[in-house]
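J.: A single structure is presented below for examination.
The values are calculated or read from the model by the stated rules, or taken from the named source; none is laboratory data. In this text, all values refer to a predicted model and were calculated from it rather than measured experimentally. Backbone-built Cβ (ideal geometry, glycine too); neighbour counts: all protein chains shown.
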Amino acid sequence: MKRRKLDMASVPGKAAVGVDERFQVSTPLRKLLNKVFPDHWSFLLGEIALFSFVVLLLTGVFLTFFYEPAMTEVVYNGSYAPLRGTPMSAAYASSLDISFDVRGGLIMRQMHHWSALLFMAAIVVHMLRVFFTGAFRKPRETNWIIGSLLFWVGFLAGFTGYSLPDDGLSGTGLRIASAIMLSIPVIGSWVTSSVFGGEFPGEIIISRFFIAHVLLVPGLLVALISAHLGLVFKQKHTQWPGPGRTNDNVVGERMFPRYALKQGGFFMVVFGVIALMGGLFQINPIWYFGPYEAWVVSAASQPDWYVMFLDGSTRLMPAWEINIPIGDGYVIPPLFWPTVVLPGILVGLSTLYPFVEARRLKDTRSHNLLQRPRDVPERTAIGAMAVSFYLVLTLSGANDVIADKFQISLNAMTWAGRIGLLLVPPIAYYLTYRICLGLQQHDREVLAHGVETGIIRRLPDGRFEEIHQPLTAVGEDGHGELGYVGWVVPKKMNRLGALGPAIRGFFYPIEKPAEAPVSPGHPPVEPRQEREEIGSGEPRR
Amino acid sequence: MSTKTEHQAQPGPEPLDVHDPRLSRFDIVREGARRDDIEIVHYEEQVAPGSKAERRLTRTVALFFLLTGLAATAFLVIYIWWPWKYDAGSGGDNLYTPLLGVTLGVALLAVGFGILTWGKKLLPKEVSIQDRHENDPTSAESRKITGETMLFLADEMGVKRRPLLGISLLAGLAPVGAVAAAPLVGGLISDPHKNNQMFTTGFAPAEGGQKIRLVREDGRPIRPADISVGGQLTVFPGIEHGVSNKHADSPTLLIHLRESDAVTSREANQRVGHANYMWGNYVAFSKICTHAGCPASLYEQQTNRLLCPCHQSQFLITDNAKPIFGPASRRLPQLPIEVDAEGFFVASSDYTETVGPDFWERP
């Protein structure tokens, strides 16, 4: 009897055949392995948001094992001595326990908070990238809308999250949130009473925020993020213009292995940075704030950074109360405008922008090539206007701290914010527009005349002029014929290869250095010719 | 270095026979990519196999991975054996969280940089071009077929011919949607005017007209002599749970004004019909800001201004706590106070204006 030999090398191949015979996956798998992605550093900003979200899920699950979402009053008896014996809510007590009595709990809490801040920051920066490069244009309007919704859902996740510890600071935030809901005309008191289960603060808001924070909002985030990524995958990523790149192709690397490896490495780096921040930088030290008590607050009560612009708008709003003299009289409080109407307008403006622009430019084509911000001065200027508007509001959200640290009158800071909010955005628009035009002009100038070499030449008639290195063969008038193709124009000699390639190696070269190239501006240096000495004729002593 | 760059304008019209034994593995990969409309136009090893540079890069990557193992082990050692229990003072437990962060961070960063070096430096560089196929000529045809299929589907269903079906289905489903929403809305909804809760505070006289005492945070009642001239004190209703978030609207600021300020204040009181609200030179205002409900707790004795630290509304105490700066639009409600037979402060009645942030139906 012959014994069949098991050929180990053929096992994976046979297994693969077996799988494909049953599931017919080889063609779709090959398509996935082969998908081409364009590469540019600015395409990685959204990934930071995605990776922070993964860290948020991981650390968040840990926190739920120890957090108790209840407002029942307990007397603290944990490790943190200054608060021992203080009556507080079970939520606050368990948050303190996570910080002091759960091994490794503090770093998890801090990593969770830092990754939340990073998540929102990455969303904002990614959104700016998409806006300024025109990546939101047809066919990607849907993804732009999903993206801007992600900001607001992330905002909600952040707010419900930092309300959970029920410390002095987060309770103040909740109090303001309840006042914002109260300010809505007609239904305000009903909304507040229903959300809080009675008069503020009630006894149920923490449990409701908890389930929103750990189930409803993250569920929505996961759904939106999946749709967002699915659309990027389906519609294929945009790319910058460049050699061989057209509106109908994608030039880059296949997804596996190099692109995927880089993504995996980048995830680890983001995760690592969050771990370092969570361990080294203190955030939200809830033990200093004490339990929430309706009559206690301190100066410099600021929310997380992405909420600060609404705090700023609230501070800047003049005390304009609208009274409607019908029956007993009705009121629209001033709080309504900066905290309900303003965010509503912002959501509307941001989601509608792609359609507004397409309509204005009568543009119905699909765009897969990105635009440099300078080439679309109007959009860039509008973006700068929006950013400056946001910055004035955010700074105003900290105007009491600025007033304190820089010894400025608090009222002056408020007035500066009010005036700045009206003046700074138009100025930003004008300046950005002019800068864009200037940059455009300089690009054309270099294309026509060449790169400045920094070499000044004196002409026989005494004039000085700078030598330019033309980028192409020049005509009789000294002008090149190169057209602008929407991509970076080299403006330094080093970009043209004037500087030799760097020699590889850290302490010593690992390759033989190439011959040092000769700068096109300089002729090769030759040793000085020996000249005859001019003397007086007398022999030297 | 091996460089595979092809400038074939047209990929071979004939698909390769992938079973041809003469083909290299890369040839088959390229053929596979071609079948997915991807042209690998440039493929270049970054390091020659077996070269010094390759060995060096391999060592670097390996070093990163080993560093990860080292840092992760350090994390575990610290996690298990480092003193972690919080203890006031400058014990080793202060370093527990930073050390965990550094070791975990280094472990993750090292594996990240290892993978990045591997991917960016050791793997071949390539440029591939994939078609987007957005303007495929077949797409119009495909659209037409799908559209007709869907219209045919509608025909089959017969919605057009039998409109009653559609109408009755909609009419039937609409209440079902409401059924789904009803328990949620019905369960959550809570009448804001139950017990008149938005218009009363803990200072409302008890049943039988018993006036409520003003008490400190620890529950002790207050005599006029307890507050020096120019001083202020946060006071609460002397009832059960009066000093707690259950009566979040009740915290009140009791201020002992200087004589001259008291005169101004009394005149201002009379102007708005609050003639007997002060007792002597003492005046009491709600501490809950009428703007967003924060405690307006920063009292500036010199100017008699009360500042809310949340949004910087400022109230002038000597002018009925009228808002003089910032976003607040309504004065702080004043609590009428007097001193009872035993010499303690009591509230003559509840607040006569609504306490707390504004809302639509506030009279």
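Here is a yes/no grid of residues against (1) in contact with a strand residue (DSSP E or B) (Cβ under 9 Å, 6 or more places away or on another chain); (2) surrounded by 11 or more Cβ atoms within 10 Å (Cβ to Cβ); (3) under 30 Å from B:V346 (Cα atoms); (4) not polar (S, T, N, Q):
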{"position": "B:A174", "(1), (2), (3), (4)": "no, no, no, yes"}
{"position": "B:A182", "(1), (2), (3), (4)": "no, yes, no, yes"}
{"position": "B:T201", "(1), (2), (3), (4)": "yes, yes, yes, no"}
{"position": "B:R216", "(1), (2), (3), (4)": "yes, yes, yes, yes"}
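J.: Kindly indicate which of A:I180, A:I206, A:I187 is in contact (Cβ under 8 Å) with a residue 12 or more places away in the chain, within 11 Å of another protein chain (Cβ to nearest Cβ) and either crowded, with 22+ Cβ neighbours inside 10 Å or aliphatic (A, V, I, L, M) (or both).
T.: A:I180
J.: Same structure again: Please indicate, with yes or no, whether at least one residue in segment A:276-290 is touching a residue at least 24 places away in the same chain (Cβ under 8 Å), in contact with a Ser or Thr (Cβ under 7 Å, 6 or more places away or on another chain) and not small (G, A, S).
T.: yes
J.: Only one of A:S115, A:S42 is at pLDDT below 95, crowded, with 16+ Cβ neighbours inside 10 Å and part of a helix (DSSP H, G or I). Can you tell me which?
T.: None of the others qualify; the one that does is A:S42.
J.: Also, quick follow-up: All but one of (1) part of a helix (DSSP H, G or I); (2) facing another protein chain (nearest Cβ under 7 Å) hold for B:D155; which doesn't?
T.: Against the list (1) part of a helix (DSSP H, G or I); (2) facing another protein chain (nearest Cβ under 7 Å), B:D155 comes up short only on (2).
J.: Checking A:V250 against (1) assigned to a helix (DSSP H, G or I); (2) at the interface with another protein chain (Cβ under 10 Å from one of its Cβ atoms); (3) closer than 24 Å to A:V36 by Cβ, which test does it fail?
T.: Failing condition for A:V250: (1).
J.: Does any residue of segment A:214-221 turn out to be within 10 Å of chain B (Cβ to nearest Cβ) and surrounded by 21 or more Cβ atoms within 10 Å (Cβ to Cβ)?
T.: No, there is no match, as no residue in segment A:214-221 is within 10 Å of chain B (Cβ to nearest Cβ) and surrounded by 21 or more Cβ atoms within 10 Å (Cβ to Cβ).
J.: Looking at segment B:215-227, is at least one residue touching a residue at least 24 places away in the same chain (Cβ under 8 Å), within 13 Å of chain A (Cβ to nearest Cβ) and among the hydrophobic types (A, V, I, L, M, F, W, C)?
T.: Within segment B:215-227, one or more residues are touching a residue at least 24 places away in the same chain (Cβ under 8 Å), within 13 Å of chain A (Cβ to nearest Cβ) and among the hydrophobic types (A, V, I, L, M, F, W, C).
J.: Residues to consider are B:V235, B:V243; find the one that is more than 29 Å from B:Q302 (Cβ to Cβ), touching a strand residue (DSSP E or B) at 6+ places or on another chain (Cβ under 6 Å), within 14 Å of chain A (Cβ to nearest Cβ) and among the β-branched types (V, I, T).
T.: Unique residue meeting the criteria: B:V243.
J.: Go through segment B:275-298 and give me each residue that's surrounded by fewer than 18 Cβ atoms within 10 Å (Cβ to Cβ) and either away from chain A (no Cβ under 14 Å) or in contact (Cβ under 8 Å) with a residue 24 or more places away in the chain (or both).
T.: If the condition is that a residue be surrounded by fewer than 18 Cβ atoms within 10 Å (Cβ to Cβ) and either away from chain A (no Cβ under 14 Å) or in contact (Cβ under 8 Å) with a residue 24 or more places away in the chain (or both), then B:A275, B:N276, B:W279, B:G280 are the ones that fit.
J.: Please verify whether A:E68 is of a type in the set (D, E), over 22 Å from A:G279 (Cα atoms) and either surrounded by fewer than 16 Cβ atoms within 10 Å (Cβ to Cβ) or within 14 Å of chain B (Cβ to nearest Cβ) (or both), treating the condition exactly as stated.
T.: Here the answer is no, as A:E68 does not meet what is asked.
J.: Now for a different question. In segment B:191-213, how many are outside any loop (DSSP other than H, G, I, E, B) and more than 13 Å from chain A (Cβ to nearest Cβ)?
T.: The total comes to 1.
J.: Continuing with this model, one more query. Hey, does segment B:71-88 have a residue that's closer than 30 Å to A:N77 by Cβ, more than 9 Å from every other protein chain (Cβ to nearest Cβ) and assigned to a loop (DSSP other than H, G, I, E, B)?
T.: Within segment B:71-88, one or more residues are closer than 30 Å to A:N77 by Cβ, more than 9 Å from every other protein chain (Cβ to nearest Cβ) and assigned to a loop (DSSP other than H, G, I, E, B).
J.: Looking at the structure I just gave you, is B:K52 out of contact with any Gly (no Cβ under 6 Å at 6 or more places or on another chain), at the interface with chain A (Cβ under 8 Å from one of its Cβ atoms) and either at pLDDT below 95 or surrounded by 18 or more Cβ atoms within 10 Å (Cβ to Cβ) (or both)?
T.: Against the criterion (out of contact with any Gly (no Cβ under 6 Å at 6 or more places or on another chain), at the interface with chain A (Cβ under 8 Å from one of its Cβ atoms) and either at pLDDT below 95 or surrounded by 18 or more Cβ atoms within 10 Å (Cβ to Cβ) (or both)), B:K52 qualifies.
J.: Now for a separate question. When residues of segment B:124-173 are filtered for being free of Cβ contacts under 8 Å to residues at least 12 places away in the same chain, under 22 Å from B:D37 (Cβ atoms) and of a type in the set (K, R), how many remain?
T.: The qualifying residues number 2.
J.: Let me ask something else. Checking B:L104 against (1) away from chain A (no Cβ under 11 Å); (2) crowded, with 16+ Cβ neighbours inside 10 Å; (3) farther than 30 Å from A:T27 by Cβ: exactly one of these is not met. Which one?
T.: B:L104 satisfies all of (1) away from chain A (no Cβ under 11 Å); (2) crowded, with 16+ Cβ neighbours inside 10 Å; (3) farther than 30 Å from A:T27 by Cβ except (1).
J.: Same structure again: Can you list residue pairs whose Cβ atoms sit under 6 Å apart, with the first residue in segment A:443-470 being over 17 Å from A:M493 (Cα atoms) and the second being outside any loop (DSSP other than H, G, I, E, B) and of a type in the set (F, W, Y)? Count only pairs 6 or more apart in sequence or on different chains.
T.: Once the first residue is over 17 Å from A:M493 (Cα atoms) and sits in segment A:443-470, its partners that are outside any loop (DSSP other than H, G, I, E, B) and of a type in the set (F, W, Y) give A:R458/A:F464.
J.: Here is a follow-up. Could you pull out the residue among B:R271, B:R223, B:R258, B:R266 that is over 28 Å from A:A179 (Cα atoms) and in contact with a Phe, Trp or Tyr (Cβ under 8 Å, 6 or more places away or on another chain)?
T.: Every option except B:R223 fails the conditions.
J.: Please work out which one of (1) out of contact with any strand residue (DSSP E or B) (no Cβ under 6 Å at 6 or more places or on another chain); (2) of a type outside the set (K, R); (3) in contact (Cβ under 8 Å) with a residue 12 or more places away in the chain is the condition B:D37 fails and give its number.
T.: It is condition (1) that B:D37 fails.
J.: I would also like to ask the following. Return yes or no: is A:L50 farther than 29 Å from A:P165 by Cβ, of a type in the set (A, V, I, L, M, F, W, C) and touching a residue at least 40 places away in the same chain (Cβ under 8 Å)?
T.: Here the answer is no, as A:L50 does not meet what is asked.
J.: Just to verify a result, which residue in segment A:305-331, among those that are at the interface with another protein chain (Cβ under 7 Å from one of its Cβ atoms) and either farther than 18 Å from B:P323 by Cα or in a strand (DSSP E or B) (or both), is modelled with the lowest pLDDT?
T.: The selected residue is A:D328.
J.: Separate question: Just to be sure, is A:R365 outside any helix (DSSP H, G or I), among the basic types (K, R) and either buried (at least 16 other Cβ atoms within 10 Å of the Cβ) or touching a residue at least 12 places away in the same chain (Cβ under 8 Å) (or both)?
T.: So A:R365 passes the test.
J.: Look at segment B:55-80 and say how many of its residues are under 36 Å from the mean Cα position of the chain (by Cα) and surrounded by fewer than 15 Cβ atoms within 10 Å (Cβ to Cβ).
T.: Count: 4.
J.: Give A:L280, A:L276, A:L231 a once-over and let me know the one that is more than 22 Å from A:V61 (Cβ to Cβ) and at the interface with another protein chain (Cβ under 7 Å from one of its Cβ atoms).
T.: None of the others qualify; the one that does is A:L280.
J.: Quick check on this structure: which one of A:L106, A:L83, A:L56, A:L63 is closer than 26 Å to A:V217 by Cβ and touching a residue at least 60 places away in the same chain (Cβ under 8 Å)?
T.: Step by step, each of A:L106, A:L83, A:L56, A:L63 is checked, and only A:L56 is closer than 26 Å to A:V217 by Cβ and touching a residue at least 60 places away in the same chain (Cβ under 8 Å).
J.: Taking A:P241, is it part of a loop (DSSP other than H, G, I, E, B) and more than 10 Å from every other protein chain (Cβ to nearest Cβ)?
T.: The answer is yes for A:P241.
J.: Among the residues that make up segment B:303-322, is at least one of them β-branched (V, I, T) and away from every other protein chain (no Cβ under 14 Å)?
T.: Checking segment B:303-322: at least one residue is β-branched (V, I, T) and away from every other protein chain (no Cβ under 14 Å).
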